[in-house]
Structure formats: C-alpha cells, structure tokens
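Engineer: Shown below is the structure under consideration.
The values are calculated or read from the model by the stated rules, or taken from the named source; none is laboratory data. All values derive from a computational prediction rather than experimental measurement. Heads up, the Cβs are rebuilt from the backbone with ideal geometry, glycines too, and the neighbour counts pull from every protein chain shown. Heavy atoms of the whole protein, side chains included, go into the accessibility calculation; ligands, DNA and RNA do not. Shrake-Rupley method; radii C 1.70, N 1.55, O 1.52, S 1.80 Å.
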Amino acid sequence: MELTDKQRIRFINTPKTLLVKNAEILVTMDNSRREIANGALFAEDGIITSVGPTSCLPEEADTVIDASNQIVLPGFINTHHHLNQTLTRNLPLAQNTNLFTWLQLHYPIWARITPEASRTSALVGLCELLLSGCTTVFDHAYLFKNGNNVDVIIEAAQDLGIRFHASRGSMSQGTSMGGLPPDNCVENEEFILNDSIRVIDRYHDPSHGAMTQVALAPCSPFTVSERLLKDTASLARDKGVMLHTHICETFDEERLTLEHFGKRPLEWMEEMGWLGSDTWFAHVVHIDTLEIQALARNQCGIAHCPSSNMRLASGISPIKDFLNAGIRVGLGVDGSASNDASSLLLETRQAMLLSRVRMGLLPPEGPLKYSQLPQSHPLRDKEWMTAREALELATIGGASVLNRSDIGALEVGRCADFFTLELNTINYAGSLSDPVAAIVFRAPQTAKTVVIHGRIIVRDGNITTIDLEQVIEEHNNWSLKLIRGS
C-alpha cells in the first residue's frame, strides 16, 4: 500500500529494526501491568513486535539501546497544553492572580506573537516535555493574530520528531459581545470554520501510528457563541476528529455561565451537543455527583492539570471520583504561563500528591460511623492515589483520552514510544526497593533516552533533532520583546 504524505512523516530517519535490552525494569502498562526485570523490546518500522526478558528477544537490530541500570517506561502523553505561553512565564503582574485576571493580563501580549516567536515557543515547550519523557503532545492553540497560525506549531513539532495532536482552537466573542478577551483577540466565525476544514484536510492523519492529528477546540464556553459551539461539534463529527475545551475550571466560570446561559458549564455544553466519547475537557474542578455521572454516561475524557489548578488557586479536581466512575483521565501540564513548567514527570507527581491533599481535607466516604477513620485505615484504601495509578494517568490514561489504542503502553502492535531514566543517581538514591514508585515519589530528573516511533529523539539527555541552545536564545529574545511591547 502506498503511503500518503501524512503517513510518510513517521518513517523519516526511523530505523528498520530497534532493540532495547538489559533494562533493570521495563514497565509495560499492558492489560496485566507487567513490570519485566532485565526487560527488552524489539520494534520494526516503529511498531513493537516483541516485549519480554532480554534473553527471549533477538540479539541484534539496526539500532540497539543498552538500558542497563535504567528503567524503561511508555512515553508519557500530555493531553492539555498551550505552547505559545512559554513566552510569558511568571509574568510579574500575573504571578498572584486567579484565572480571569490572569487571562486579561496575558491576552494583549499573546495577540502580538509572530510566526517566528510562535515556532520558538513551540520548540521550547516540546523539548521540555521530551526531556521529561513525553512523546505525544496535545496543544490547545486558540489565539491566532499577527500572522501566527497552527501550521507554524505543527511544523515545529514535525521538525522535532514528536507525536503531535494540534488544535484549531478559536475565540469569537470579545468584550463588546460579553466575552472575556479584547475584541482584537477574536476571529470571524465563518473564517474559523473554514480554516478548521483547511487544517484538518491538510494535517489530520487518522491511521494507526499517526504522527499528527487535529482536534477542534474553542477556548471556552464564554469566549465563543452558541452557534460556533454547535457548528464546531457538527464539523468535528463530520470530519471524524475530536473536540476539546476548558470547562468547570473556576467558580468565576460557573458564575458567568449561570449569568449568561442560566446553566452550569457542563449542563450548557450538554445542551450544545458536546458530550460524547469524542470529547475531552480540561480541568473539570468544580463539578457535582450528577455531573460526574453525566460525564461517565457519555464517555467523555478529562485532562487533569494539577499544577495549573494550584498555581491559579482554581481548586482540586476530584480525580479519584472520576476514575471510580469509569471516566477516562489523562494528565496535562497546561499553559506554560500557568504552571510554569512543561514537565510531565513533575505533573505525574503533582497528580498523586494533590489527590492526597484532597483526601486529607474531606471526611471518608460512606456511613457516618466512618467519619473519624484515619486515612490509612483499610476501609479508605480506594481513596489513595498510588504512584502506579499516577503513572497510568500519564501513559495509558492519556492514550485513552485521545482515543488512541496505538500508544500509551509497551506491547506488541503499539508504537515504539518510550523513555529511559538512569536509576543509579542521587535523585533515586535510597529508593530502589521500588524503582517504579521512585520515579513518582522522588523529584523528577531528565530522561536519558527518548524514542518516538522507533527513532531516538533524546540521547544521553540531549535533543538530537534541533540546536536547542540556539532556540533558547531566540526564545528569550522574543519573550522579552513581547513583554516589553517593543
């Protein structure tokens, strides 16, 4: 079968065969959640064909990686980000503000982002993610002014070699129409829909092992019209792409939707026809039991962004409640100006710890007689977020949120996306009684090796596909220029 241009991208510099051997532990995240001592995997044309002990796999390949004294994990999957925001991190005026004020301080700066600045912002954010073991990234871009467009971001991801889910996001209602952003930050709705068609037709690859996919992603219920929400959902389903937006992030959002629509955010999105297995929402912090049931019933996914939720004082998302209800949950580092990092290893740790904070703030579930049970009582076991559950969110959970069965685990038929971490380091000293848990409990460290579709993108902790030092210099110059308004 002849490959399309979209499919051909994945084979650029991909070795015919790849062998990883001698891993101290290889974490598969397969259905049995196997953790293989002295583990190995073999891949052909970027697809895994064998996984098991090193002694049971072939001894040679075109590319061989010796993972001695390392742990091998499936590539992490980032389900929510705003790459352009790497240009405006820790903005002084926005360091101690909640979401709406934070947005209003940033919108005018983001509207000045040029295509050149956009490219460097994408590369910086993507490289940070790579070095934390992330191999698949969703970017929620929604502000396209000053020549900036989604093409620039997609091309940066392709040049880097990372698996990428792009969004043709949108904002169409400025302050004059009751929206939050300034009028000069929004676009015409007809243009948004036409450009969405263009981006999908040019870039979206629905096939197994796709390196680039596209989602349609209005910024939020309060920055677009009712018509655009409905038309976007209709277009996405006609084109077979996913839907995404922010929802239930703050009390301010809840008050605004009640004031404008007479409904809570999730109820409004349900009326707009958005709830379904092709939709995932970012944040979902302020939500009640009936709404959790609605998300589960409609098979929606959730991108959990713990650092951003803490940074902006938005609240604590009830992740364990979502998981117990059978809802698909992944992790997102969120915008690099509301985190302000792009480390999925860090986000995995934060997800575990913040879930435990919530556990300590609330009484245990169940009859009143349990109200004084300590957190470590066996009847409260299901309330704990474990290290391995957090790793599931970062891997197989993220894959399920993006409706992909070809990534997220190291098993036959899935893409050879994985990373390794050195274990004999100061970071993990004293923790090797359980190396798998150690990478969540201990402070994150840089990945030693990152492989995407069988291609080495990070070797010995260094990006192999771009000159990162030059990109950082350009990025800092653009950042200061934008913030100073020069």
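Engineer: Residues of region 223-274 being free of Cβ contacts under 8 Å to residues at least 12 places away in the same chain and either in a loop (DSSP other than H, G, I, E, B) or open to solvent by less than 10 Å² (accessible area, probe 1.4 Å) (or both), which ones?
Structural biologist: Once the filter is applied, which keeps residues that are free of Cβ contacts under 8 Å to residues at least 12 places away in the same chain and either in a loop (DSSP other than H, G, I, E, B) or open to solvent by less than 10 Å² (accessible area, probe 1.4 Å) (or both), region 223-274 yields GLY262, LYS263.
Engineer: Which residue is nearest to the chain's Cα centre (by Cα), if the candidates are limited to region 295-317 and must be more than 28 Å from THR86 (Cβ to Cβ) and crowded, with 17+ Cβ neighbours inside 10 Å?
Structural biologist: Once the filter is applied, the top-ranked residue is CYS300.
Engineer: Let me spell it out: the conditions are (1) over 24 Å from the mean Cα position of the chain (by Cα); (2) open to solvent by less than 40 Å² (accessible area, probe 1.4 Å), and ASN477 meets all of them except one. Which number is the exception?
Structural biologist: With (1) over 24 Å from the mean Cα position of the chain (by Cα); (2) open to solvent by less than 40 Å² (accessible area, probe 1.4 Å) applied to ASN477, the lone miss is (2).
Engineer: Same structure, new question: With respect to ASP201, is the statement that it is under 30 Å from ARG455 (Cα atoms), at pLDDT 95 or above and among the acidic types (Asp, Glu) true?
Structural biologist: yes
Engineer: Here is a further query. Look at region 184-217 and say how many of its residues are touching a Phe, Trp or Tyr at 6+ places or on another chain (Cβ under 8 Å) and outside any helix (DSSP H, G or I).
Structural biologist: The total comes to 7.
Engineer: Between a first residue in region 439-453 that is farther than 22 Å from LEU18 by Cβ and open to solvent by less than 50 Å² (accessible area, probe 1.4 Å) and a second residue that is among the polar types (S, T, N, Q) and not in a loop (DSSP other than H, G, I, E, B), which pairs have beta carbons less than 6 Å apart while being 6 or more apart in sequence or on different chains?
Structural biologist: Close Cβ pairs (under 6 Å, with a partner that is among the polar types (S, T, N, Q) and not in a loop (DSSP other than H, G, I, E, B)) amount to VAL440/THR348; GLN445/ASN427.
Engineer: Taking region 143-189, which residues are more than 19 Å from GLY209 (Cα to Cα) and of a type in the set (Phe, Trp, Tyr)?
Structural biologist: The one that is more than 19 Å from GLY209 (Cα to Cα) and of a type in the set (Phe, Trp, Tyr): PHE144.
Engineer: Among the residues of region 391-435, write down those that are free of Cβ contacts under 8 Å to residues at least 24 places away in the same chain, assigned to a helix (DSSP H, G or I) and aliphatic (A, V, I, L, M).
Structural biologist: The answer is ILE426, and nothing else.
Engineer: Does any residue of region 159-168 turn out to be open to solvent by 10 Å² or more (accessible area, probe 1.4 Å), among the acidic types (Asp, Glu) and touching a residue at least 40 places away in the same chain (Cβ under 8 Å)?
Structural biologist: So far as region 159-168 goes, yes, one or more of its residues are open to solvent by 10 Å² or more (accessible area, probe 1.4 Å), among the acidic types (Asp, Glu) and touching a residue at least 40 places away in the same chain (Cβ under 8 Å).
Engineer: Okay, moving on. Sort out which residues of region 308-334 are touching a Ser or Thr at 6+ places or on another chain (Cβ under 6 Å), closer than 21 Å to GLU253 by Cα and among the small types (Gly, Ala, Ser), and write them in order of number.
Structural biologist: SER308, SER314, GLY332
Engineer: Among the listed residues PRO206, PRO218, which satisfies the condition of being under 19 Å from the mean Cα position of the chain (by Cα) and open to solvent by 60 Å² or more (accessible area, probe 1.4 Å)?
Structural biologist: That would be PRO206, the only listed residue that is under 19 Å from the mean Cα position of the chain (by Cα) and open to solvent by 60 Å² or more (accessible area, probe 1.4 Å).
Engineer: Ok, one more. One residue is enough: does region 137-150 have a residue meeting the conditions open to solvent by less than 10 Å² (accessible area, probe 1.4 Å), among the acidic types (Asp, Glu) and in contact (Cβ under 8 Å) with a residue 24 or more places away in the chain?
Structural biologist: yes
Engineer: From the list ASP340, ASP288, which one is open to solvent by 20 Å² or more (accessible area, probe 1.4 Å) and either farther than 29 Å from ALA141 by Cβ or under 13 Å from the mean Cα position of the chain (by Cα) (or both)?
Structural biologist: Matching residue, one of ASP340, ASP288: ASP288.
Engineer: I'm trying to understand the selection: among the residues of region 22-51, which are buried (at least 23 other Cβ atoms within 10 Å of the Cβ) and more than 13 Å from GLY413 (Cβ to Cβ)?
Structural biologist: Across region 22-51, the qualifying residues are ALA23, LEU26, VAL27, MET29, GLY39, ALA40.
Engineer: Just checking, how many residues over region 90-136 are open to solvent by less than 10 Å² (accessible area, probe 1.4 Å) and of a type in the set (S, T, N, Q)?
Structural biologist: 6
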